[in-house]
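Notes to accompany the following structure.
What follows is calculated from the coordinates using simple rules that are stated; it is not laboratory data. Everything numeric in this text was worked out from a predicted model, so none of it was measured. Here Cβ is always computed from backbone atoms with ideal geometry, including for glycine, and neighbour counts include all displayed protein chains.
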Amino acid sequence: MQSLLDGYRRFRATGWREHAAELATLARDGQKPAALIIACADSRIDPNMIFGAAPGDLFVVRNVANLVPGFAPDRLAHATSAALEFAVRVLEVANVVVMGHAGCGGIRALLEGPPENGADFLEPWMRIAESARNRALAYGPADKQTACEQEAVKLSLGNLMTFPWIAERVTAGRLALHGMSFDIATGELTVLESDGVFRPVG
């Protein structure tokens, strides 16, 4: 905890001063982010750092394995779906990005089974991506981990289109969906192109 408080003190001494006027404007006028980023909760992934974003630029949702569940308005608590609704319907973002990453622990649990203490919530959450695992394994890739990470991004993009207010905006050209993956070790970002292949950003 001390390291967190020390980090805050550094922020107040330097970062806050650098962004004080910008943050004051955001506090007064509200947010108008350009994109919603759905990223993994992995501590090694920081969408704001990766995209060089300033405060107010991105609306970021993080969960295990950057998954989007299908549309299921059953009046129960759905954190990711609530964030989608707020970003798309209230803030009216123009872009939604599903960003996977190399070495994802959630995907590893999907492929190999959950860790000993990960059965209560992790295992049922990762069931969202079972069909992605099946597709990845069906074509026998040499790197099953990477194949499954990429298929999970594609699955989440498909699930986004089950939300009627997302599909409507995409069809009308008011919203664009994007798939990406980040390699922690190399810093390389790949983008899912129309042919279904992830290619590095030039």
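Which net charge results when you count Lys and Arg as +1 and Asp and Glu as -1 among the other residues whose beta-carbon is under 13 Å from that of ALA35? Working shown, then result.
Details: positive: LYS32; negative: ASP57, GLU92.
Local net charge: -1.
Couplings 3J(HN,Hα) of the range 170-177, computed from phi: 5, 4, 7, x, 9, 8, 10, 9 Hz, in residue order, whole Hz [Karplus 6.51 cos²θ - 1.76 cosθ + 1.60, θ = phi - 60°; x for Gly and Pro]. Under 5 Å from the amide H of HIS101 lie the amide H atoms of PHE182, each residue being 5 or more positions distant or on a separate chain, with H modelled from the backbone and absent for Pro and chain starts. The alpha carbon centroids of the range 177-199 and the range 48-107 are separated by 17 Å. When the Gaussian network model of the chain links Cα atoms closer than 10 Å, the mean-square fluctuations of GLY70, GLY106, GLY173 top out at GLY173.
Take the alpha carbon gyration tensor of the range 48-130, find the square roots of its eigenvalues, order them as a ≥ b ≥ c, and report rounded if a/c is under 1.5; if not, report prolate when a/b exceeds b/c, else oblate. Could the numbers behind the result be given before it?
Working: a/c = 2.66, a/b = 1.39, b/c = 1.91.
Judged from the Cα gyration tensor, the range 48-130 comes out oblate (a/c at least 1.5, b/c at or above a/b).
If the Kirkwood radius is taken over C-alpha pairs of the range 1-112, then at 25 °C and 0.890 mPa s the Stokes-Einstein diffusion coefficient equals 152 µm²/s.
This model, with +1 at the C-beta of Lys and Arg and -1 at the C-beta of Asp and Glu, gives the range 42-191 a dipole about its Cα centre of some 360 debye. The 3J(HN,Hα) values that the Karplus relation (6.51, -1.76, 1.60; θ = phi - 60°) gives for the range 32-37 are, in residue order, 9, x, 7, 8, 9, 10 Hz. Gly and Pro appear as x.
What's the Kirkwood radius of the chain in Å, using all Cα pairs?
On the way: mean 1/r = 0.0547 Å⁻¹.
That comes to 18.3 Å for the chain.
Dimensions of the range 117-202 based on its C-alpha atoms, expressed as ranges along the principal axes with the largest first, amount to 42, 37, 25 Å. Backbone geometry of the range 99-105 corresponds, through the Karplus equation with coefficients 6.51, -1.76 and 1.60 at θ = phi - 60°, to 3J(HN,Hα) couplings of 10, x, 7, 5, x, 5, x Hz, x marking Gly and Pro. The peptide list 110-120, 148-158, put in order of mean Cβ contacts within 10 Å with the highest first, becomes 148-158, 110-120.
Average the reciprocal distances over every distinct pair of alpha-carbons in the range 1-55, invert the result, and give the Kirkwood radius in Å.
Numbers: mean 1/r = 0.0748 Å⁻¹.
For the range 1-55, the Kirkwood estimate is 13.4 Å.
Put a dot 7 Å past the Cα of TYR139, heading toward its Cβ, do the same for GLU193, and the two dots end up 1.5 nm apart. Between the listed residues ALA53, ALA65, HIS19, the Cα displaced farthest toward the positive end of the dipole of the chain, a dipole computed from Cβ unit charges relative to the Cα centre, is found at HIS19.
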